[in-house]
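Read through the structure below, which is laid out as structure tokens, and then see the notes.
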Amino acid sequence: MDNFTFYSPTCFVFGKDTESQAGALVKRFGGSRVLIHYGGGSAVRSGLIDRVKASLKAEGLPCYQLGGVRPNPRSGLVYEGIELCKKENIDFILAVGGGSSIDSAKAIAAGTVYDGDFWDFYSGKRIENALPIGTVLTIAAAGSEGSPDSVITREDGMFKRGASGDAIRPKFSILNPALTQTLPPYQTAAGITDIMAHLYERYLTNTREVEVTDRLIEALLLTMIHEGPRVIENPDNYDARANIMWAGMMAHNNSCGVGRSQDWNSHNIEHELSALYDCAHGAGLAVTLPAVFTYVMNHDVMRFARAAVRVWGCQMDFDHPEVTAREGIEKLRRFFISIGMPRNFAELGAREEDIPALVQALCYGNGRPGSISGFVTLDEADCEKIYHLML
């Protein structure tokens, strides 16, 4: 196990009707002028925004609203939010929604207190300062409610890139599983896939003797395998929703990733798909993960075989562990299909003729050196072969 420092100060308030505590929590963490940042009309139509505003009003906190966050959140709205925060002297941002709203709020929080272009943070500069952030989570998927990470798409070039820093960990996150019960099945399934991807990307490590975090990851994957079909079959299953919501936070606040190298090549490869086609991130991952795993499997075949046995219930073939590893990858692929995720480029809406452009953006876009690194370093030729495996 590698040396590490783990700092995760977010206050989580979990359960039914907890959004009514938003105002008290903002005040507790020092907010006095609040920006409510959210996505489409569902948060408004459901009455959630009104309930949050009422909670802020009860605490005497003036608030401003900025909606319009899209899946794969865009830089244009971030710039608009930064301008609004500076104009109105906003000192706290409350994101209401899923990972896209939270990631956009984090970018605004960092950009508001920075003299340069916020995109510097999405080009490698670490975030050291930001306005405080709170969240009211409505989608269990990205894990941004507990993480120090944010992903934004820059419209100039359509580069989808990430930024990180403890300054953008939310001060509090309100997690009410009931708010996820109205999600369409496809969106629920995409969230489940994203959560499982966050776990697998940490599981693929070159660090030895990390049994504690291995077992944590395996347990959370087993939880998703159990709860995923239950919630797809019965969207009103509060208990299944609750387990998925908490698993989503655990999958990405890095408690499962400390002391070990991590991968993230699958996420980088998928980011080009959702940047170009504006597909759901989780749907893109359902197509990406099996292809990447098949391609890199022989780098450490026993790690894939171990996941096949411990997570998917496969029998170990000690003479031919690659057989066991492939069986585990195939079971993962079939699981994604069983919950309604796409299986290939065509079902995702992607096109074979775009592969050269995808590879170019992936390996060279936004200053990259011609390759991506993680569990395995992948160059242009590798990435092209992986995209072809998705066909």
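Numbers for the structure displayed
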quantity	calculated
Accessible area of T223 in the full protein assembly, 1.4 Å probe (Å², nearest 10)	50 Å²
Rounded to 10°, Cα long-axis angle of helix 380-389 versus longest principal axis of the chain	90 degrees
Gain in span if fully extended, S338 to N206, counting 0.36 nm per residue against the direct Cα distance	44.4 nm
Derived scalar couplings ³J(HN,Hα) [the range 368-373; Karplus, 6.51 cos²θ - 1.76 cosθ + 1.60; whole Hz; x for Gly, Pro]	5, x, x, 7, 10, 10
In degrees, nearest ten, helix 301-310 long axis to first principal axis of the chain (Cα)	70 degrees
Local electrostatic count at L362 - Lys and Arg +1, Asp and Glu -1, tallied over other residues with Cβ under 9 Å	-1
Violating pairs (Cα-Cα greater than 18 angstrom) within the set K87/K125; K106/K160; K125/K160; K16/K57; K57/K86	K87/K125; K16/K57; K57/K86
Probe 1.4 Å, protein heavy atoms only - accessible area per residue of the range 159-205 in square angstrom	22 Å²
D_trans [Stokes-Einstein, Kirkwood Rh over alpha-carbon pairs] for the chain, 4 °C, 1.567 mPa s, µm² s⁻¹	61 µm²/s
Part-to-part distance (alpha-carbon centres) for the range 240-261 and the range 71-130, which is given in Å	24 Å
Prolate/oblate/rounded call for the range 274-391, Cα gyration tensor, a/c under 1.5 rounded	oblate
Residue order for V52, V212, V323 - accessible surface, 1.4 angstrom probe, largest first	V212, V323, V52
The range 42-92: C-alpha pair distances exceeding 12 Å, %	70 percent
Antiparallel content of DSSP bridges confined to the chain, in %, to 5	25 percent
Gain on full stretching of the segment that runs from L391 to E347 - 0.36 nm per residue minus C-alpha separation	14.9 nm
Of all accessible heavy-atom area on the chain, the percent that carbon and sulfur account for (1.4 Å)	49 percent
Rounded to whole Hz, the Karplus (6.51, -1.76, 1.60) HN-Hα couplings of the range 57-71, x for glycine and proline	4, 4, 9, x, 9, x, 9, 10, 10, 9, x, x, 5, 9, x
Angle in degrees between helix 75-87 and the longest Cα principal axis of the chain, rounded to the nearest 10	30 degrees
Area accessible to solvent at F159, 1.4 Å probe radius, in Å²	40 Å²
In Å², nearest 10: area of H226 left accessible to a 1.4 Å probe	110 Å²
T5 versus S255: modelled label distance in nm, points set 7 Å from Cα along the beta carbon direction	2.1 nm
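The values are calculated or read from the model by the stated rules, or taken from the named source; none is laboratory data. None of these values were measured; they are calculated from a predicted model. Every residue, glycine among them, receives a Cβ derived from its backbone with ideal geometry; neighbour counts consider all protein chains shown. Keep in mind that these areas ignore ligands, DNA and RNA; they rest on the heavy atoms of the full protein, side chains included. Shrake-Rupley method; radii C 1.70, N 1.55, O 1.52, S 1.80 Å.
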